[in-house]
1. Under a Cβ-only charge scheme (Lys and Arg +1, Asp and Glu -1), can you give me the dipole magnitude of the stretch A:170-260 about the Cα centre, in debye to the nearest 20?
2. Can you tell which of A:CYS441, A:GLY260, A:THR49 lies farthest toward the positive end of the dipole of chain A, using +1 and -1 charges on the Cβ of basic and acidic side chains (Lys, Arg; Asp, Glu)?
3. In debye to the nearest 20, how big a dipole does chain A give about its Cα centre with +1 on each Lys and Arg Cβ and -1 on each Asp and Glu Cβ?
4. Using the C-alpha gyration tensor of the stretch A:254-382, what are the square roots of 5 times its eigenvalues, in whole angstrom, with the largest one first?
5. The stretch A:1-72: which GluC sites (Glu not before Pro) are DSSP loop and have at most 15 other beta-carbon atoms within 10 angstrom?
6. Dipole size in debye (nearest 20) for the stretch A:390-440 around its Cα centre, Lys and Arg Cβ +1, Asp and Glu Cβ -1?
7. Take the Cα atoms of chain A, build their convex hull, and give its volume per residue in Å³.
8. Would you mind pulling out the separation of the Cα centroids of the stretch A:115-162 and the stretch A:504-577, in Å?
Amino acid sequence: MRFRVSLIPTLKEAPVEAHTVSHRLMLRAGLIRPLGSGIYTWLPLGLKTLRKVENIVREEMDAAGAQEVLMPAVQPAELWRESGRWDHYGKELLRIRDRHEREFCFGPTHEEVITDLARRELKSYRQLPVNFYQIQTKFRDEIRPRFGIMRGREFLMKDAYSFDMDTAGLEVTYRSMYDTYGRIFRRCGLRFRPVEADTGSIGGSASHEFHVLASSGEDVIVSCSHCNYAANLEKAISAPLLAPPNPEGDAPMRLVETPGQKSIQEVSTFLKVETRRLIKTLVVEGDGQACLLLLRGDHELNPIKAAAALGVRNLVIPEGSRIAELTGGLPVGFIGPVQTDLPIVADYALEGTSGMACGGNAPDRHWIGVTLGRDLPTPRFADLHNVVQDDPCPRCGPGLLSLDRGIEVGHVFKLGDKYSKALGVSVLDPDGKERTPIMGCYGIGVSRIVAAAIEQNHDDNGIIWPVALAPFEVEILLANPNEPLALQTAEALYAELRSRGIGVLLDDRDERLGIKFKDADLLGCPLRVVAGGRALKEGKVELQIRRTGEAIPVEIPQATATILERLQTLLHAESKG
RNA sequence: CGGGGUGUGGCUCAGUCUGGUAGAGCACAGCGUUCGGGUCGCUGGGGUCGUGAGUUCGAAUCUCGCCACCCCGACCA
């Protein structure tokens, strides 16, 4: 591609509203342009990368035996009523009406459509297992789109749906998809980690997320230093924690004055008690029922675990005024589990503790020396808190857990028969009996991968594309288009590289070299070649490596071979995951 | 949806408090200069100041409504 005649509108400054690195760089490098909140046009360069991701995904899915289909983006409401999701999906579902006032939605996902196809077409166990996938534009009317492409409303997604005769079959398919995902992200040149995940609202029995590691990631993922245990924070657990030492011994509990000391930190400092020896008491309402949750002072509540422990669908942390209503007028900060009528669930970390401090259930008072089971009835225990850095691993002895940030780019689910049952898919087994196939579903955020790759691979000057995702593997900087020898050298190299199947961008603009360097840094092609200027005087071109900044003079006849070799080396180094 | 913020040439912003002839830098066009890290100079084109109403002799500026976008929380690939 020739720069001079291409739409590559680079920007010196990014619009103020873009804060995230990938969002800014995608705008500045001229990969995308916004059209509305959370919706973007992909410009030529951005689309090149998007297609590269798409092709890697397609090749690996095909290699895994999945079959590509393309389902409608617009789906009739009827189908969604059958699965029950028309009423339950909520406002993320973009609902539309046609001229006859019939209701439709713009598909945020395609379980209904694929299951409808399955019930029409799948009749026999001989047709199973099957796995269908598509690469499709989806729309989710996010409450708050942000971070550009990373969390847009319209996005490109690969979604796959498998059908097996039984759970043993699903197990095999699931494992195959899990392995395929590893291959996909390795080929993309991304550092990633698969983690155990909560199954969330989609339902199902097991699930893994694939995260691209990046300090700017929205999600926290937990992994063991010693074994391969890894989970997202919502799901991660630790081995049982030791009770903090109790210097008070068996001393009876007593009420002390703590004027104005509300927060854990304030109480800890005021009473000279470590935060892990405080009991944090939270008032929550689950499906309308109020309850006290007890955590160690140095721990944070995990609402998903709490909702599961209470067996409720919606867990609400009420506002201060509502809390006062529920506790008979107590100010937040002095609520405690001693002498209360509210039901109590305590975190496992409090099991076996003694001599703890907690709210006094009276303004400006706290209890100290409190022991569960002695000073109040032994509560029900459950896992309620987020694991913290260096907690012991639940799977292995010596391992400690560490927390990292990640961007979720893939998700695999064992769905079970939720949709196949609701929509009535059935096939005959070898004995002629009707059976409901077991489903799995497997998503990859194709457009999100583009943003995630930038989050993980950039510097102050711009993008540093992994070879596999670069819009062009090589950019040739023609130092001066008015110098015949430079022009001839650049054109010859351009033609030769292209004939070898290498993607090349030729910066043939009549601009100063400095501008071309700046733009080349921004665009992030892994290799670039300077044709002209000082190197050419010695019969050479200068090969530059974007990631390292290395500059290597190369004899012109050797240029193509050197470039091919360097690309191979980079590609190899980057595909280790 | 709740809380906070912003709308002024393509981009970044000043001007708004205190009403009085719409500005700068970048980008764009032309000329010259320069030519391995966003050269320098001159000239030029481009804005009904988000939108509707109101107050006023006069509104980018004051008042009210609406719209859009961004940031912080619950959703998810």
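1. Details: 8 positive and 11 negative charges, 129 e Å.
For the stretch A:170-260, the charge dipole is close to 620 debye.
2. Of the candidates, A:THR49 comes out farthest on the positive side.
3. Details: 70 positive and 77 negative charges, 198 e Å.
It works out to roughly 960 debye.
4. Working: eigenvalues 94, 56, 34 Å².
They are 22, 17, 13 Å, listed from largest to smallest.
5. Values: sites: A:GLU13, A:GLU17, A:GLU54, A:GLU59, A:GLU60, A:GLU68; in loops: A:GLU13, A:GLU17.
Of the GluC sites (Glu not before Pro), the ones in loops of the stretch A:1-72 whose Cβ has at most 15 other Cβ atoms within 10 Å are A:GLU13, A:GLU17.
6. Details: 7 positive and 8 negative charges, 36 e Å.
That gives a dipole near 180 debye.
7. Values: hull volume 120.2 nm³, N = 577.
Per-residue hull volume (Cα only) is 208 Å³.
8. The stretch A:115-162 and the stretch A:504-577 have Cα centres spaced 40 Å from each other.
Just so you know, all these numbers are worked out from the coordinates, no wet-lab data involved. Because the structure is a prediction, the values reported are computed rather than measured. Heads up, the Cβs are rebuilt from the backbone with ideal geometry, glycines too, and the neighbour counts pull from every protein chain shown.
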